[in-house]
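Here the structure comes first, spelled out in structure tokens, and everything after it is commentary.
The values are calculated or read from the model by the stated rules, or taken from the named source; none is laboratory data. Remember, it's a predicted structure, so these values are computed and weren't measured experimentally. Cβ sites come from the backbone with ideal geometry, for glycine too, and all protein chains shown count toward neighbours.
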Amino acid sequence: MEFYIQQTLNALQVGSVYALIALGYTMVYGILTMINFAHGDFITIGAYAMIAPAYAAQAIVVIGNFHPIPLIICVILIVV
């Protein structure tokens, strides 16, 4: 039963990310009436900026483990 609950939560998480990406494309297309593919670049930069410091061995040795909240705030500042 735990497995099915975890898979349901995983599906909701991934689905919400896809929904946010689709909403971003829809909003840009609705305002500009042309598709802007730079939206995906920002998503990629944000994902890399979130994953790289969290898992890099050198970053953990030098600065220690990152707490999630300051890391998310830093990623928002990097992407915007």
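The table below gives the values:
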{"read-out": "Residue match in the stretch 8-22 (condition: out of contact with any helix residue (DSSP H, G or I) (no Cβ under 8 Å at 6 or more places or on another chain), under 21 Å from Val79 (Cα atoms) and modelled with pLDDT under 75)", "value": "no"}
{"read-out": "Where Thr26 falls short, out of the listed (1) modelled with pLDDT of 80 or more; (2) of a type in the set (Val, Ile, Thr); (3) outside any helix (DSSP H, G or I)", "value": "(3)"}
